[in-house]
Amino acid sequence: MSDMAVAVGGVKLRGPVLAASGTFGYGTELPVLERRALAGMVSKGIFLRPREGTAPPRISETPSGMLNAIGLQGPGVDVLIRDYAPKWAEWDFPVFVNINGESALEYGEVAARLDGVPGVAGFEINISCPNVEQGGLYFGNDPRAAAAVTEAVRKRTSLPVWVKLTPMVSDIGVIARAVEAAGADALCAINTFVGMSIDLNAYQPRLSFRTGGLSGPAIRPLAVHLAHQAALAVRIPVIGIGGIMRAEDALEFLVAGCAAVQVGTATFVNPRAIAEVHDGIAAFLEAKRFTSLTDLPRYLPRD
Amino acid sequence: MSDMAVAVGGVKLRGPVLAASGTFGYGTELPVLERRALAGMVSKGIFLRPREGTAPPRISETPSGMLNAIGLQGPGVDVLIRDYAPKWAEWDFPVFVNINGESALEYGEVAARLDGVPGVAGFEINISCPNVEQGGLYFGNDPRAAAAVTEAVRKRTSLPVWVKLTPMVSDIGVIARAVEAAGADALCAINTFVGMSIDLNAYQPRLSFRTGGLSGPAIRPLAVHLAHQAALAVRIPVIGIGGIMRAEDALEFLVAGCAAVQVGTATFVNPRAIAEVHDGIAAFLEAKRFTSLTDLPRYLPRD
Amino acid sequence: MTNGGQVFLLDSPITAKREVARDMFVLAVRAPEIAASVRAGQFVNIGWFSGPLLRRPFSVYREDGENIEIILKAVGEGTSQLLAMKPGDRLSCLGPLGHGFGLEAGPRRAVLISGGLGVAPMPLAAGEATKLGIHVTWVHGARSSDELCTESQGHEVVWATDDGSKGFAGTAVAAAPDADVVLACGPNRMLAAVADRWPEARVAVETYMGCGTGVCLGCAVPLKRGGYDRACKEGPVYRAADIDWPSLPSHLPYAVTA
Amino acid sequence: MTNGGQVFLLDSPITAKREVARDMFVLAVRAPEIAASVRAGQFVNIGWFSGPLLRRPFSVYREDGENIEIILKAVGEGTSQLLAMKPGDRLSCLGPLGHGFGLEAGPRRAVLISGGLGVAPMPLAAGEATKLGIHVTWVHGARSSDELCTESQGHEVVWATDDGSKGFAGTAVAAAPDADVVLACGPNRMLAAVADRWPEARVAVETYMGCGTGVCLGCAVPLKRGGYDRACKEGPVYRAADIDWPSLPSHLPYAVTA
Ligand SMILES: Cc1cc2nc3c(=O)[nH]c(=O)nc-3n(C[C@H](O)[C@H](O)[C@H](O)COP(=O)(O)OP(=O)(O)OC[C@H]3O[C@@H](n4cnc5c(N)ncnc54)[C@H](O)[C@@H]3O)c2cc1C
Ligand SMILES: Cc1cc2nc3c(=O)[nH]c(=O)nc-3n(C[C@H](O)[C@H](O)[C@H](O)COP(=O)(O)OP(=O)(O)OC[C@H]3O[C@@H](n4cnc5c(N)ncnc54)[C@H](O)[C@@H]3O)c2cc1C
Ligand SMILES: Cc1cc2nc3c(=O)[nH]c(=O)nc-3n(C[C@H](O)[C@H](O)[C@H](O)COP(=O)(O)O)c2cc1C
Ligand SMILES: Cc1cc2nc3c(=O)[nH]c(=O)nc-3n(C[C@H](O)[C@H](O)[C@H](O)COP(=O)(O)O)c2cc1C
Ligand code: FES
Ligand code: FES
């Protein structure tokens, strides 16, 4: 067996495949799961306070993809600490909390509350939220805002801090470097792309929120490109995300320069997707006679 | 029969469905085509001088999409004028030339040469080209550069000038308004998204150019969103492009606020796609008892 | 109710197919583990090779210990592909999922109300109720007699058609008598009418589903008390009075054509 | 040559399927218009319902006036789906496309060299040559005897296997005699060897194709004189000496497994 362990942004993981935020709940819901292969999970995005989420319809299928507008429904930090963290503390893989806020201060506050709570291994900052202080534009589009959020969290915790990038930018390298400089331990690339789908009976968007985030295999070539660009831009590890259904898809991200990957939408289709991706990567390494995942050739021409 | 005619950016078209640049050659190649439904075509992107294009492999299939890196292979403006324009002059639909350049000046020069040539009905400016003067960044990402190109072309021709937007921007409305102010008669949204796909035998990108443009149904929800955002931002008409395979797909763009659409990749799959999309829109209007395409309800909440 | 039970992920061959009304078909698939444990009102989430990205949820229509059945019409891409398949072709079945009707001994008379494809969970419900010694009246409605699935079960069966071409002329809700327990499934609009008349009715609602397993929060059901439940976990069966009906989308294709 | 001919877009049922070597199959589809006009070396571009986005190009293997045949192995998603289909299932066939070998009366002896699936255009080529009074020697190679498609045609047939398990031990190129006309099809690497020995050979090359109809410029074939040709229009058959072989990708799945 090849060695599948990886070190990513302040933690050692038993494998390269994690569960992506919003597609794995709080780790307690999924049936027929095989936990042995799970290197770690990122919990559903949380805010300081409870959020109801958006009105239905919240999802809509598209060619090889899906749009979602869940609106970050969640119970808020206090319930997370009370109901879920104690369970996480018993598991044999780390749980990262996907944190959200409407201001840099709020992000910092969420991190501070969770810092030191048993079961919380680290943070993934979701900078795809609208920046309420600066008129609703997204933190993730602006290098200064993205850096400010990263710093605000960095100051309030000694746990690993990962920053999850949005793809809706003209140069992801700029944002990547800004959050690296602000103290991120790793980058996660990428979150969903904004999309829209129209209901031709109602002459209006299918989703009540109008737009939604596109995920699934449709976005994979875009995600591989953006993760690769991020990896070229920084020295910290990059975790690749977007449309991974099978081991080959994950290997594309790894060869493109990612240290690990997250599997999202695939889990909806196949609750065992993560185990299958993990096993498939292991089989690939065996077949190619690599003794360890670190031997996998990477395509990272820094020119 | 419902009235399918539309007026778009300086021309009256017999229907709302055009052929997209790079997917219809020079209009002379395709077999089994049904021209009756073609409202117009945009020819393959042209530069001032001949271009060889990129080395193969140039294309790669992805889930519900394809990546291409053709490298704007083409014979240059002079050959276009000599070999193709005379044919176009005989056709019963307008031909727009997709023009490209490495500087604003070059774009203007291409337009000037083509201005007044019989068979050339107008221009579609492709601002997804790298701006050589400003270090290879794309014209389409920068509102000033995009406006400069538009002005450069506007000054050299009295034919309709359409500007084709790139989706790789954080706010398409900003670019849309900039080129509207610079004199564009219509916007075309959108061009392909940059993507990458990795060959796991070679441990390098499948395309020799490394990255390619993603087209096809995979991008449709993103394209509908961006075309809608562009339509909200400007008063000039927007022509929707991206992943249209069937009439329903085209209708999504039209309801989202577009005046017309272009069909690209679908033509590769089905050389009769444009006719089928056209006929399907007509059938939809009949079924809903709209006497004209202009009666189709549009979803354009300007709030 | 029936949650917390074990869920299975099975590679199931289609074993039979029959037409039960105009354009309405029943597919049987071999899924012994699900057949053995499914309760009325639960569903399976079905995927297949070269199918659409997401699985499709279907109520379990009947089971014979070895096979489960689902009932469907071709209303979109997924159902069209399913109905193009033949015995021997394989489906991936995830289930049983969700809370069912949760019938228990006690009540004397049950009325089962179904509209169109809302017939789906009723054979199992009729069977469970009968076993519990409950008298079952099943009222089933459709637009016209040729769209009515007349496979029936229960002590009394009442047909209703909008056009009066078979049985009662009008909706199933209008044709239904009162009872100790009311179970209903059909278009969300019909269920809203059920909720008006019998707030305590147990209704199986329909939503879009991303995962069917409780992780995506896509299947939000708006609640009267505020907030949202997951149709795939807390539902799909609800107490009628608990749902904020005006906020529940009623234009889903299944519902519309049901 | 054979360009400029009419192209047809047909909805064609699969009419037969047979295995001709290990994992190698021939599919017949009803396509009378294409069968009547196809020339050796031309191809059809095939799509199907719920298939991958792009069509897949296949050389026409044989025709009987009513049906055309293609020969393939499951090497990827498209070919796997095609081989899962059954007689009666429908394919969309666009063709005949491209320039064929363009055989004309004149030469006395022709050698046809094929490697693996490169057998595909040869039965038509052997037939055309024979009709023109040309003596045909067909040299066909594969890795081993079980991978060798032995459906053969022509005046002389020579087998070659890399492992010597049937016929000549070595490549088809090494086994081939000289002749007035050399036609070849197989992995691009093999064709490069053909070009070394017979610069005037007519070779059918393989590229990725977006459209098959000349509009996408995806099928670029690098030319010795500089620039690129379109395999789907100016090709897929070329004069061997015209191609810039080192720049032509040689790792396509068909080619690799051929
Ligand atoms: C708990 C539950 C039980 C169901 N039981 C049955 C049944 O027994 N028989 C039956 O015919 N149908 C049933 N449905 C609805 C069935 O899942 C839809 O008919 C089916 O998803 C439509 O899919 P399609 O691919 O044909 O349509 P499409 O329009 O192609 O579907 C496109 C997208 O919309 C989603 N979608 C569309 N309609 C629905 C819908 N009504 N519900 C959920 N998602 C939808 C699909 O999942 C997909 O993402 C049930 C739905 C739920 C939630
Ligand atoms: C002119 C011509 C004639 C051909 N004749 C035959 C034949 O007679 N028998 C046969 O088995 N194969 C033939 N091929 C190759 C055949 O098209 C490929 O085997 C097939 O496309 C592989 O598809 P796949 O979906 O199984 O593989 P995948 O790997 O799933 O294909 C993925 C993508 O790559 C493209 N692709 C992959 N391989 C090739 C390829 N070799 N050529 C072109 N595109 C490719 C596909 O179109 C698709 O876009 C021919 C190719 C060309 C260009
Ligand atoms: C239903 C759904 C909910 C999601 N919720 C979150 C979230 O709360 N926070 C976050 O950072 N990303 C969220 N995501 C994005 C995913 O984590 C992931 O970045 C994206 O879906 C792309 O990966 P995939 O294609 O593998 O799904 C969500 C995605 C989906 C589909
Ligand atoms: C092979 C190929 C070549 C293209 N060439 C051009 C081009 O020369 N100029 C241009 O503006 N757009 C070009 N495009 C982009 C298309 O015109 C269109 O904007 C894009 O493909 C999205 O539409 P679709 O999904 O319908 O294909 C090309 C697209 C493809 C697939
Ligand atoms: S369908 Fe995903 S949570 Fe219910
Ligand atoms: S395959 Fe499109 S031009 Fe040849």
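The values are calculated or read from the model by the stated rules, or taken from the named source; none is laboratory data. Everything quoted here is computed from the prediction, not taken from an experiment. Glycine gets a Cβ as well: all are built from the backbone with ideal geometry, and neighbour counts include every protein chain shown.
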Cβ-Cβ under 7 Å pairs, at least 6 apart or on other chains, the stretch C:126-148 side in a helix (DSSP H, G or I), far side polar (S, T, N, Q)
C:A126/C:Q153; C:G127/C:Q153; C:S145/C:T161; C:S145/C:S165
Within the group D:R62, D:R55, D:R90, which residue is among the basic types (K, R) and within 16 Å of ligand 4 (Cβ to nearest atom)?
D:R55
Those residues of the stretch A:207-219 that are in a loop (DSSP other than H, G, I, E, B), among the hydrophobic types (A, V, I, L, M, F, W, C) and either facing chain B (nearest Cβ under 9 Å) or in contact with a Pro (Cβ under 7 Å, 6 or more places away or on another chain) (or both) come to a total of 1
All conditions in (1) surrounded by 24 or more Cβ atoms within 10 Å (Cβ to Cβ); (2) under 28 Å from B:F253 (Cα atoms); (3) more than 10 Å from chain B (Cβ to nearest Cβ) are true of A:L222 except (3)
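To keep it simple, each residue is scored yes or no on (1) touching a strand residue (DSSP E or B) at 6+ places or on another chain (Cβ under 7 Å); (2) aliphatic (A, V, I, L, M).
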position: D:A142; (1), (2): yes, yes
position: D:S145; (1), (2): yes, no
position: D:W159; (1), (2): yes, no
position: D:D162; (1), (2): no, no
position: D:A175; (1), (2): yes, yes
position: D:L183; (1), (2): yes, yes
Only one of C:R225, C:R197 is under 30 Å from A:G27 (Cβ atoms) and away from ligand 5 (no atom under 16 Å from the Cβ); which?
C:R225
Across the stretch A:62-111, which residue is nearest to A:A266 (Cα to Cα) among those that are without any contact (Cβ under 8 Å) to a residue 60 or more places away in the chain and either within 14 Å of chain B (Cβ to nearest Cβ) or β-branched (V, I, T) (or both)?
A:I70
Considering D:G186, D:G218, D:G235, D:G212, which residue is in the same structural domain as D:H140 (by TED's automatic domain parsing), of a type in the set (G, A, S) and more than 14 Å from ligand 6 (Cβ to nearest atom)?
D:G186
Pairs, please: C-beta under 8 Å, at least 6 apart or cross-chain, first residue over 17 Å from C:V119 (Cα atoms) and in the stretch C:167-178, second in a loop (DSSP other than H, G, I, E, B) and not aliphatic (A, V, I, L, M)?
C:A169/C:D162; C:A169/C:D163; C:D178/C:W198
Could you look through the stretch A:175-206, keep only residues that are in a loop (DSSP other than H, G, I, E, B) and out of contact with any strand residue (DSSP E or B) (no Cβ under 6 Å at 6 or more places or on another chain), and pick out the one that is farthest from the other protein chains (Cβ to nearest Cβ)?
A:G183
Determine which single condition D:D146 fails, assuming it passes every other condition in (1) under 30 Å from C:F49 (Cβ atoms); (2) of a type in the set (D, E); (3) surrounded by 15 or more Cβ atoms within 10 Å (Cβ to Cβ).
(3)
Looking at the stretch D:196-208, is at least one residue within 16 Å of ligand 4 (Cβ to nearest atom), outside the structural domain of D:S59 (by TED's automatic domain parsing) and either touching a residue at least 12 places away in the same chain (Cβ under 8 Å) or at negative phi (or both)?
yes
Confirm whether C:F43 is touching a helix residue (DSSP H, G or I) at 6+ places or on another chain (Cβ under 6 Å), within 26 Å of A:A266 (Cα to Cα) and more than 16 Å from ligand 4 (Cβ to nearest atom).
no
Any residue that is within 18 Å of D:T150 (Cα to Cα), at pLDDT 95 or above and not in a loop (DSSP other than H, G, I, E, B) - is there at least one of those in the stretch D:35-43?
no
Taking the stretch A:23-55 as the search range and keeping residues that are facing chain C (nearest Cβ under 7 Å) and crowded, with 24+ Cβ neighbours inside 10 Å, which one is farthest from ligand 4 (Cβ to nearest atom)?
A:F24
Based on what the data block shows, is D:Y254 at pLDDT 95 or above, under 21 Å from D:V60 (Cβ atoms) and not in a loop (DSSP other than H, G, I, E, B)?
no
Single match in C:P52, C:P87 (criterion: free of Cβ contacts under 8 Å to residues at least 60 places away in the same chain, part of a loop (DSSP other than H, G, I, E, B) and not assigned by TED's automatic domain parsing to the domain that holds C:M122):
C:P52
Quick one: which helices (runs of 4 or more DSSP H) sit completely within the stretch A:246-303 and have at least 2 residues that are away from every other protein chain (no Cβ under 11 Å) and surrounded by fewer than 18 Cβ atoms within 10 Å (Cβ to Cβ)?
A:273-287
Lone unmet requirement of (1) within 21 Å of C:E19 (Cα to Cα); (2) at pLDDT 95 or above; (3) of a type in the set (G, A, S) for C:A125
(1)
Exactly one of these conditions fails for D:P199: (1) surrounded by fewer than 22 Cβ atoms within 10 Å (Cβ to Cβ); (2) touching a Gly at 6+ places or on another chain (Cβ under 8 Å); (3) more than 30 Å from B:T23 (Cα to Cα). Give me its number.
(2)
In this structure, is A:V11 of a type in the set (V, I, T) and under 22 Å from A:I244 (Cα atoms)?
no
So which of A:S64, A:S21, A:S2 is hydroxyl-bearing (S, T, Y) and within 17 Å of A:G122 (Cα to Cα)?
A:S21
Search the stretch C:225-246 for residues that are away from chain A (no Cβ under 12 Å) and of a type in the set (F, W, Y) and pair each with any residue that is away from ligand 2 (no atom under 16 Å from the Cβ) and in a strand (DSSP E or B) when their beta-carbon atoms are under 7 Å apart and the residues are at least 6 apart or on different chains.
C:Y238/C:V203; C:Y238/C:V221
